[in-house]
Amino acid sequence: MSSPRTLPHPVDQSRPLSRILLFGVQHVLVMAATPVSAIFLMSATLHLGPRLTVNLLSAAFVLSGVGSLIQSLGPWKFGPRLPFVMLPGGAPLILFLAIADEHGVRTATGAVIISAVFTFLVLPVFSRLLKYFPTLVIGTMIVIVGVNLVKVGALLVTGRPGQPGFADPANLALGLATIGFTVALYWLFSGVLRQLAVMLGLIAGSVLAFALGRIDFGGVTEGGILSAPQLMPFGTPEFHLVAALPLMLYALASMAEATGQTVINAETVGKEIDARTAVPRTVRGDALVSVLAGFLGLPLMVTSGENIGIVRVTGVRSRFVTAAAGVVLIAIGFLAPVIRAISVIPSAVVGGTAMVVFAVITVLGVQMLGKAQLDRHSHAFICAVAIALGLLPILVPGVYAGLPSGARILLESGVAVGAFTAALLNVLFHHVRPRLSRGAAGPALAPADAGAPAPLPHV
């Protein structure tokens, strides 16, 4: 008599191809605005021509797809085999443009390659520090990540303060209507249609925008059908270690962020992982794709937390869905009309969808903190200080503008500040203080609130 067959974890379960593709497209629609807006910002800042802009946009979609495949499928020692997508990073893009402005764009592309290689070199050291990132630290960081992402989504709806069109009532109406459509569809439907509520809400918002004359498809059919990334579009990269320092410093912060992203993703899909092995696999995937990005003229690529909210809302946990999203992204990268069609979706519609998805990430962080024994005074204090310092540059942009550039690079990343603050305070309260207390009064008199540090997350 044969033993009963053990079903694989839902993360590792495949689904019918049609359904996998449908859910993969939903991931793409929610995150497609990020590479589009990143490349448009590059184009405007560096005064690039239309042909080069389309080339970079093609490269951004192709590499986002390649990165999503690596992180979802996990070949060799790359990728944690979790449902992840990859995007051009926001903060790395700003640093890339700053280096390009000061040293030239070829030096900026060289800095991307140097920083990616630097990540490979320091990863073994970072892996040994993961024990100092327990649930308390990770949960605090995820809350800060979620708040920061909600702000990013909101700015897509409102525009930036001080710029023309800020808080345009029509854009506000579109963003709020998209949120309303998403909520209504999630309430009305069940099963697969409920799981697709995010995508259907985005489509409904786009239809409303078209009816109001806010979308122009006139330019979609202009130009060729196929596009392909060009190797070294700005010329041969130039390597200057000092110029690359800002991106190298960010690479350290991004490893801390990758820790949080990996743990919260596993928490969301309910899969037990060993962060000591899963996190380095995530970081290696980021670094590998970032090396390719440097040769294709793009900033550092990072594994995104945007899709984690979609996984939670839809309940679809299969990593093959995000692998399908990767295939779709690669296909889009080679289809110029599709790229142009995606780019005409109003940012207010994308922002409305993004706010819902990103807010879910904040809730996930709160849920993690619920497991971090916040009834203990030291835990609550660590969380409070880390959130305060982490949210400061997010809620008050430019607060560190008067500081030297090196300090500003580190402090203006609220996620990095919050993560390092929580990790440092955790070490001081739960590693250093108990040892000092035992040394002064003996083990029996160690303060009860000091407590042992929480173990490395196995989620």
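The values are calculated or read from the model by the stated rules, or taken from the named source; none is laboratory data. Quick caveat: nothing in here was measured; it's all calculated off a predicted structure. Note: ideal-geometry Cβ built from the backbone for every residue, glycine included; neighbour counts use all protein chains shown. For accessibility, only protein heavy atoms count, side chains too; no ligands or nucleic acids. Shrake-Rupley method; radii C 1.70, N 1.55, O 1.52, S 1.80 Å.
Here are some notes:
- Spatially proximal lysines relative to Lys131 (Cα-Cα < 20 Å; intrachain offsets below 8 disregarded): Lys271, Lys371
- CD proxy at 222 nm, helix term only [per DSSP H run n ≥ 4: -39500 (n - 2.57); per residue of the chain; nearest 500]: -22500 deg cm²/dmol
- Cβ-defined net charge surrounding Ile273, 13 Å radius [Lys, Arg +1; Asp, Glu -1]: +1
- Computed FRET value (nearest 0.05) for Trp187 with Leu123, which takes r as the C-beta separation and R₀ as 41 Å: 0.35
- List Glu257, Glu272, ordered by accessible area with a 1.4 Å probe, largest first: Glu272, Glu257
- Scanning residues 5 or more positions from Met232 or on other chains, those with amide H under 5 Å from its amide H are Leu296, Gly297, with H placed 1.01 Å from N in the peptide plane.
- Relative contact order of region 243-386: 22 percent, from C-alpha pairs under 8 Å at least 6 residues apart in sequence.
- Taking the inverse of the mean reciprocal distance over all distinct Cα pairs, the Kirkwood hydrodynamic radius of the chain comes to 22.8 Å.
- Computed from the C-beta positions of Ala228 and His377 and an R0 of 60 Å, the FRET efficiency is 0.55 to the nearest 0.05.
- Highest mean packing first, where packing is the average number of other Cβ atoms within 10 Å per residue, the peptides 39-51, 259-271, 67-79, 95-107 line up as 259-271, 67-79, 95-107, 39-51.
- Accessible surface computed residue by residue for the chain, with neighbouring protein chains in place and a 1.4 Å probe, gives 43 Å² per residue.
- Available extension along the chain between Ala173 and Val427 is 86.7 nm, counting 0.36 nm per residue and deducting the alpha carbon span.
- Cut-off under 5 Å, modelled amide H: who pairs with His9 long-range: none
- Region 1-130 - percent of accessible surface contributed by carbon and sulfur, probe 1.4 Å: 66 percent
- For Met86, the residues 5 or more places off, or on other chains, whose built amide H falls under 5 Å of its own are Ser68, Ser304.
- Taking packing as the residue-averaged number of other Cβ atoms within 10 angstrom, the listed peptides 174-182, 241-249, 53-61 run from highest to lowest as 53-61, 174-182, 241-249.
- The alpha carbon centroids of region 346-386 and region 265-310 are separated by 20 Å.
- Residues of region 141-164 with amide N under 20 Å of the 7 Å Cα→Cβ point at Ala401: 152, 155, 159-164
- Dipole-positive endmost among Gly294, Val357, Pro35 within the chain (Cβ charges, Cα centre): Val357
- Spherically averaged projected area of region 77-168 from its Cα convex hull (nm²): 9.2 nm²
- Basic side chains Lys and Arg get +1 at the Cβ, acidic Asp and Glu get -1 at the Cβ, and with that the dipole of the chain about its Cα centre reaches some 1040 debye.
- Summary of packing: across the peptides 188-201, 222-235, 139-152, 159-172, the per-residue average of other C-beta atoms within 10 Å ranks them, highest first, as 139-152, 188-201, 222-235, 159-172.
- Residue-count net charge about Leu123 - beta-carbon cut-off 15 Å; Lys, Arg +1, Asp, Glu -1: +3
- Under the span-like rule (Cα at least 27 Å along the axis, Kyte-Doolittle mean at least 1.0), DSSP H helices of the chain: 50-73, 105-128, 135-158, 169-188, 241-269, 347-369
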